[in-house]
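So the structure is just underneath, and the comments pick up after that.
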Ligand SMILES: [Zn+2]
């Protein structure tokens, strides 16, 4: 099944993760799409989400949605979760 994931709502519904890469320094982070629904409406296109690089402070990032296939990959993935403060 191929899913066209172009909004945050679709990514969250299908349990996708978002891979964010800073285009300036190359720092990479992974977020759970569902977590971001706290800040963004489900209709928000993935490329409209504002991520800011914690290392160089730029907002120039690339966002890519991906799904983890547990059967094929045993690699551990570090995911950033949002916490309430
Ligand atoms: Zn950076």
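Every number in this text was worked out from the coordinates using simple rules, so none of it is lab data. Small disclaimer: the values here were computed from a predicted structure and weren't measured.
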Practice problem: Project the alpha carbons of the chain onto their principal axes and report the range along each, largest first, in whole Å. | Solution: 37, 31, 28
Practice problem: Quickly estimate the mean residue ellipticity at 222 nm for the chain, helices only: each DSSP H run with n ≥ 4 gives -39500 (n - 2.57), and the total goes over all residues, rounded to 500. | Solution: -1500 deg cm²/dmol
Exercise. Run through all the Cα pairs of the range 1-40 and give the fraction in each 10 Å bin from 0, expressed as whole percent.
Key: 29, 46, 23, 2
